[in-house]
Amino acid sequence: MNLPFSSQFKAYISLARLNKPIGIYLVLWPALWSLWLAAGGWPGWHLFAVFVLGAVVMRSAGCVINDYADRDFDGHVARTCQRPIAAGLITPKAALVYFGILCLMGLGLVLTLNQTTLVWSLGAVALSILYPFMKRHSYWPQAFLGLAFAWAIPMGFAAVTETVPLGAWLLFAVTLVWALIYDTAYAIGDKADDLKIGVKSTAILFGEKTNLIIGLFQLIMLGLLFAVWQVFNLSTFFLISLLLVGLLFIYHQYLLSQHDDALAFKVFLNNHWVGLIIWIGIVLDSLSPSLFNTMA
């Protein structure tokens, strides 16, 4: 199909979901958590820029390989039938080339960091390739998504300190559980189509207990974040952010209790604020000595 340049450009933007940045935020916030905790504050412009751009590039790469993996399914689902590969706007071969280019861009970013981070980055690429295929074989593809998104945690600590301490794995667990929360909410709206085409998800696995289990994951996440507060010896600002996250989770449970697919999707989108609030708590913690001195 010969398309005008503007149409081709829009198709490639859509394939990488650059017009839907929520996924970038969900990758970015854990990366920024790790950078600030590893550095004890502002990590510097170089690391900040690399991880922000890395979140954009690798999330885009993940979307491309996801649509490539789902190319035989997307055309049968109303929500995904207009995706560029399913709609015939981009060929599967061109999508693979696009994926390769994005991975090379990510490699270029990582090459500006230390060798330890470069080694850890190999896991990020492997998980981004593995995740799209898990929904055919496991009811826990959301956990694999969580692993992929949480991989920014060890990379962030490695970039700052060239080590990955035990505390980093606690933050890794937070990110993994968080992905189970928001991606299960996302999967609620896809249940009917997923059952039709034979795709698995935690929303299908949990069935009528989905809201309850999401609530349990929310409590586990809050408990893990409280442990992060203790391990990293954070201030009251971080506890305030946990209180705000807890209030958001209560609001999310209210939305989920309506059993409305659109509201479940709203819960997914609203989790962006969860990540932002946690990051703000960490940033304020790093600034707290100067803040208190100013107020004194």
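The values are calculated or read from the model by the stated rules, or taken from the named source; none is laboratory data. If you're wondering where the values come from, they're calculated on a predicted model, not measured in any experiment. Note that each Cβ is placed from the backbone with ideal geometry, even for glycine, and that neighbours are counted across all protein chains shown.
Which residues, counting only those in the stretch 1-45, are within 15 Å of LEU109 (Cβ to Cβ) and either surrounded by 18 or more Cβ atoms within 10 Å (Cβ to Cβ) or among the hydroxyl-bearing types (Ser, Thr, Tyr) (or both)?
If the condition is that a residue be within 15 Å of LEU109 (Cβ to Cβ) and either surrounded by 18 or more Cβ atoms within 10 Å (Cβ to Cβ) or among the hydroxyl-bearing types (Ser, Thr, Tyr) (or both), then ILE24, VAL27, LEU28, ALA31, LEU35, PRO43 are the ones that fit.
Could you tell me which of the residues PHE133, PHE48 is modelled with pLDDT under 95, surrounded by fewer than 19 Cβ atoms within 10 Å (Cβ to Cβ) and of a type in the set (Phe, Trp, Tyr)?
PHE133
Scan (1) over 18 Å from the mean Cα position of the chain (by Cα); (2) surrounded by fewer than 22 Cβ atoms within 10 Å (Cβ to Cβ); (3) farther than 24 Å from LEU170 by Cβ; (4) not aromatic (Phe, Trp, Tyr) for the single condition ILE85 breaks and write down its number.
The number of the failed condition is (2).
So which residues in the stretch 259-273 are surrounded by fewer than 22 Cβ atoms within 10 Å (Cβ to Cβ) and in a helix (DSSP H, G or I), if there are any at all? Let's see the steps before the verdict.
Filtering the stretch 259-273 down to residues surrounded by fewer than 22 Cβ atoms within 10 Å (Cβ to Cβ) leaves 259-263, 265-266, 268-270, 272-273.
Correct list: ASP261, ALA262, LEU263, PHE265, LYS266, PHE268, LEU269, ASN270, HIS272, TRP273.
Within the stretch 233-240, is even one residue buried (at least 20 other Cβ atoms within 10 Å of the Cβ), outside any helix (DSSP H, G or I) and over 19 Å from the mean Cα position of the chain (by Cα)? Before the answer, list the steps.
Let us first name the residues in the stretch 233-240 that are buried (at least 20 other Cβ atoms within 10 Å of the Cβ), namely 234, 238.
Narrowing further to those that are outside any helix (DSSP H, G or I): 234.
Those left that are additionally over 19 Å from the mean Cα position of the chain (by Cα): 234.
Yes: one or more hits.
Please specify each residue of the stretch 91-128 satisfying the condition of being of a type in the set (Phe, Trp, Tyr) and in contact (Cβ under 8 Å) with a residue 40 or more places away in the chain.
Listed by number, the residues that qualify are TYR98, TRP120.
Could you go through the stretch 50-60 and let me know if any residue there is small (Gly, Ala, Ser) and either more than 20 Å from the chain's Cα centre (by Cα) or over 26 Å from VAL199 (Cα atoms) (or both).
Within the stretch 50-60, one or more residues are small (Gly, Ala, Ser) and either more than 20 Å from the chain's Cα centre (by Cα) or over 26 Å from VAL199 (Cα atoms) (or both).
Filter the stretch 68-90 down to residues that are in contact (Cβ under 8 Å) with a residue 60 or more places away in the chain and assigned to a helix (DSSP H, G or I) and give me whichever is farthest from VAL125 (Cα to Cα).
Step by step, filter the stretch 68-90, then rank; the result is HIS76.
Go through the stretch 136-225 and tell me which helices (runs of 4 or more DSSP H), entirely inside it, have 2 or more residues that are touching a residue at least 24 places away in the same chain (Cβ under 8 Å), farther than 30 Å from VAL119 by Cα and not acidic (Asp, Glu).
It comes to 166-188, 191-197, 202-206.
Give me the residue from the stretch 93-130 that is in a helix (DSSP H, G or I) and hydroxyl-bearing (Ser, Thr, Tyr) and, out of that set, nearest to the chain's Cα centre (by Cα).
Among those that are in a helix (DSSP H, G or I) and hydroxyl-bearing (Ser, Thr, Tyr), it is SER128.
Of the residues in the stretch 112-130, how many are more than 11 Å from PHE144 (Cβ to Cβ) and surrounded by 20 or more Cβ atoms within 10 Å (Cβ to Cβ)?
Within the stretch 112-130, residues that are more than 11 Å from PHE144 (Cβ to Cβ) and surrounded by 20 or more Cβ atoms within 10 Å (Cβ to Cβ) number 5.
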